[in-house]
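Some notes on the structure that comes next.
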Amino acid sequence: MQREDFDVVIVGSGLAGLSMAMFLGQHGIRALLVERRASTSTLPKARGQNPITMEALRSVGVAEPIYAAIPPGKPAITSVISESMTGKVFYDHVAHRPDFSRFSPERSGMASQAKTEEAFAKRARELGAVLRFQTLFDGFTQDADSVEVTLRSLEDDTVYGVRARYLVAADGVRGTIAKDLGIGTHGYGFLKSVTAVRFRADLAKIAGDNAMVVHYIQNPAVPDGAGVLVSTDYKDEWVANMSADPERTEAQTHAVIRTMVGVPDLQFEVLGATSYDYAHRIADRLQSGRVFLVGDAAHVMPPTGGQGGNTAVQDGYYLAWKLAAVLKGQAGPRLLESFDPERRPYAEVVCTWQAANLAEHRRLEGVSEVLGRPMDHATMMFGYACKEGAFVPDPSAPTDEFESPDRPSGRPGARVPYAELAGLEGPLQPRKLLGPWFMAFSASSEGHAAAQAAADSFGVPIKAWQVASVAPLGAEGHDTVLVRPDGMVAWRGSPRGVESALGFVLCR
Ligand SMILES: Cc1cc2nc3c(=O)[nH]c(=O)nc-3n(C[C@H](O)[C@H](O)[C@H](O)COP(=O)(O)OP(=O)(O)OC[C@H]3O[C@@H](n4cnc5c(N)ncnc54)[C@H](O)[C@@H]3O)c2cc1C
């Protein structure tokens, strides 16, 4: 059996796997991604990128293609809970959404999963990743030094081996790697089976000209009293999500679609249907030795709230710099142990947030009482601060897992706030400067020199700036703020502490 060597093998070319390949490439790590399908997904599933995802995509040079990939129509969103597309509106999500421009330099994207995967695959290849479709991952073994992966070409049935330093399981909701590792799951489990019916109809006069349209239908006349009607990349193609029922006839399905649209004699053509489950399930661990779980392989949530794909993309972003630093010898392998304590608590909250949204949107009996009302959208998205991980905790800072994004503490373990600093050569906004490097902002020339010297001594890339004050980053009373390549604050303190802080973060 022939054998190849790669630093990282990624299984799955969904949003998580492609993100992983792309961000590893950004850090100079060439990964092999294998996917059993013949191409990236063409199905209308996830749509939308939140500003945090867009910040990461900006840093890897793929923001513009994603912003450009909006469906036809004016670049605006309709997202409402309504009786039908033409009926009474009970709640308008867009009207109640806070203005996120206070928290991020990026706006939300509206690209579909299909277009996003296409753009990611292109960028990942440009950055050196090897993408192999029609390739089945057939098992693995690992020891202290490496992972041995068995692959099978679905084109000619050839079986071959790849040796890698790390394996990333981006194999989705039906993936087997986590189970093979004996990693269990927890959560509310199965919630509901849903059938998504794709249909062609001219709804322009009813739906208006917004590029993205979502109606969470609440209507006793549709199965289980609720459904979701969503637009696609094509102006005349729509998806009606309804509770699955194997006994439902074609005529009954058509009647449900007419009720959801609210036009009893609506003319349309059904293009196809798929069924999937809504579930709430989180892996008990995101790492086992040299294997990491990302995306739906790590956390499954109902689609209500649109964060499943976003969290999958962010997993790749937050893991890539750590894997790269370890593979390049810039960091000790213990750095990788911080992935689970940093990202799993967030995944738990997002999964529960989406399940709580589902309970609201679809009147899911029993779930609302357990979950309560969903957390405020802006706090859920921008307010997370890791309690444990690759940063030097500030004992004087608050320890809440979520903080108000309007009053960010800027503490180590939290996002570096979206704020403007007065640099020597003009204003600086740290969140606009993200890239495959550490960043240091120092209020003194000593701090600036110390940060540069510390990075040089550990051989990690850094961009260091001297600024008038770091107080806008919540670091009043400190001289220097050190920021990780993923935009999380690593440490804050005085110039003499920077070297040991960076060494601590890098597990050296
Ligand atoms: C109807 C629907 C609507 C959604 N809407 C949204 C939304 O609006 N916003 C949002 O953010 N999220 C949304 N989501 C969620 C989002 O689609 C998922 O969270 C996201 O696609 C997960 O990406 P992934 O890469 O983890 O998994 P997947 O996209 O499932 O990718 C896993 C891949 O691994 C491959 N694979 C598995 N095993 C093997 C093997 N042994 N060998 C080779 N390949 C293998 C599979 O073929 C698959 O391509 C929605 C989901 C659904 C179903």
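The values are calculated or read from the model by the stated rules, or taken from the named source; none is laboratory data. Just so it is clear, the structure is predicted and the values come from calculations on it, not from any experiment. Every residue, glycine among them, receives a Cβ derived from its backbone with ideal geometry; neighbour counts consider all protein chains shown. Accessible surface is based on the protein model in full, side chains and every heavy atom, while ligands, DNA and RNA are left aside. Shrake-Rupley method; radii C 1.70, N 1.55, O 1.52, S 1.80 Å.
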**OP:** Go ahead and run the numbers for FRET between K387 and A38, Cβ-Cβ distance against an R0 of 51 Å, rounding to 0.05.
**Re:** 0.75
Original post:
At 222 nm, what helix-only mean residue ellipticity would the chain give, in deg cm²/dmol to the nearest 500, using -39500 (n - 2.57) for each DSSP H run of four or more?
Top reply: -8000 deg cm²/dmol
Original post:
Tell me, what is the per residue accessible area of the chain in Å², probe radius 1.4 Å?
Top reply: 40
Original post:
Once the principal axes of the Cα atoms of the chain are found, what is the range along each, listed largest first in whole angstroms?
Top reply: 75, 57, 40
**OP:** Pick out, in residue order, every one of the trypsin sites (Lys or Arg not before Pro) in the range 174-216 that is DSSP loop and has at most 14 other C-beta atoms within 10 Å; say none if there are none.
**Re:** R174
**OP:** Figure the gain on full extension for E64 and R125 (residue separation times 0.36 nm, minus the Cα-Cα span) and round it to one decimal in nm.
**Re:** 20.3 nm
**OP:** Using 0.36 nm per residue of separation minus the Cα-Cα distance, give me the extension gain between A453 and R248 in nm, one decimal.
**Re:** 66.9 nm
**OP:** Extending each Cα 7 Å along its Cβ direction at F402 and R496, get the distance between those two points in nm, one decimal.
**Re:** 4.1
**OP:** Run the numbers on the chain and let me know its relative contact order in percent, using alpha-carbon pairs under 8 Å that are six or more apart.
**Re:** 16
Subject >> Solvent-accessible area, 1.4 Å probe, carbon plus sulfur percent, for the chain >> reply: 50
**OP:** Report relative contact order for the range 390-505 in percent, whole number only (criteria: Cα-Cα under 8 Å, sequence separation at least 6).
**Re:** 32
Original post:
Considering the zone a paramagnetic label at E476 would reach in this model (a point 7 Å from Cα along the Cα-to-Cβ line), which residues of the range 387-404 have amide N under 19 Å from it?
Top reply: 394-400, 403-404
Original post:
What whole number of Å gives the distance from the Cα centroid of the range 254-288 to the Cα centroid of the range 296-360?
Top reply: 25
Original post:
So for the chain: antiparallel DSSP bridges make up what percent, rounded to the nearest 5?
Top reply: 70
Original post:
the range 390-495: which GluC sites (Glu not before Pro) are DSSP loop and have at most 16 other beta-carbon atoms within 10 angstrom?
Top reply: E401, E420, E425, E476
Original post:
Among the lysines, which fall within straight-line cross-link reach of K74, defined as a Cα-Cα distance under 30 Å, with same-chain neighbours fewer than 8 residues apart omitted?
Top reply: K45, K88, K115, K122, K205, K235, K432
Subject >> Heavy atoms of I66 accessible to a 1.4 Å probe, total area in Å² rounded to 10 >> reply: 0
Subject >> Set of aspartates and glutamates near K463 by C-alpha distance (under 14 Å), chain-local residues within fewer than 8 positions excluded >> reply: D486
**OP:** Whole Å is fine, so just give me how far the alpha carbon centre of the range 368-438 lies from that of the range 90-135.
**Re:** 21
Original post:
For A468 and D284 in the same chain, what is the full-extension length gain: residue separation times 0.36 nm, less their Cα-Cα distance, in nm?
Top reply: 61.8 nm
Original post:
Mind checking the angle between helix 445-458 and the chain's longest principal axis? C-alpha axes, 0 to 90 degrees, to the nearest 10.
Top reply: 80
Original post:
By DSSP, what percent of the beta bridges with both residues in the range 406-508 are antiparallel, rounded to the nearest 5?
Top reply: 70
**OP:** Can you run the Rg to Rh ratio on the range 191-279? Use alpha carbon positions and the Kirkwood inverse-distance Rh.
**Re:** 0.93
**OP:** Grab the alpha carbons of the range 52-202, take their convex hull, and tell me the volume per residue in Å³.
**Re:** 235
Subject >> Neighbour net charge for D233 - beta-carbon separation under 14 angstrom, K R +1, D E -1 >> reply: +2
**OP:** Enumerate by residue number the GluC sites (Glu not before Pro) in the range 245-319 meeting two conditions: DSSP loop (anything except H, G, I, E, B), and at most 15 other Cβ atoms within 10 Å of the site's Cβ.
**Re:** E247
Original post:
By its C-alpha gyration tensor, with a ≥ b ≥ c as the square roots of the eigenvalues, how is the range 14-69 shaped: rounded for a/c under 1.5, else prolate for a/b larger than b/c, else oblate?
Top reply: oblate
Original post:
So what is the relative contact order of the range 191-279, in percent, for Cα pairs below 8 Å that sit 6 or more residues apart?
Top reply: 45
Subject >> Helix 339-362 vs. the chain, principal-axis angle (Cα, 0 to 90°, nearest 10) >> reply: 20
**OP:** Take the Cα atoms of the range 390-505, find their three principal axes, and give me the spread along each one in whole Å, biggest first.
**Re:** 35, 32, 26
Original post:
What residues from the range 5-40 fall in the zone where the backbone N is under 14 Å from a label point 7 Å along the Cα-to-C-beta line of E337?
Top reply: none
Original post:
For the range 227-336, what D do you get in µm² per second when you plug the Kirkwood radius from alpha-carbon pairs into Stokes-Einstein at 25 °C and 0.890 mPa s?
Top reply: 139
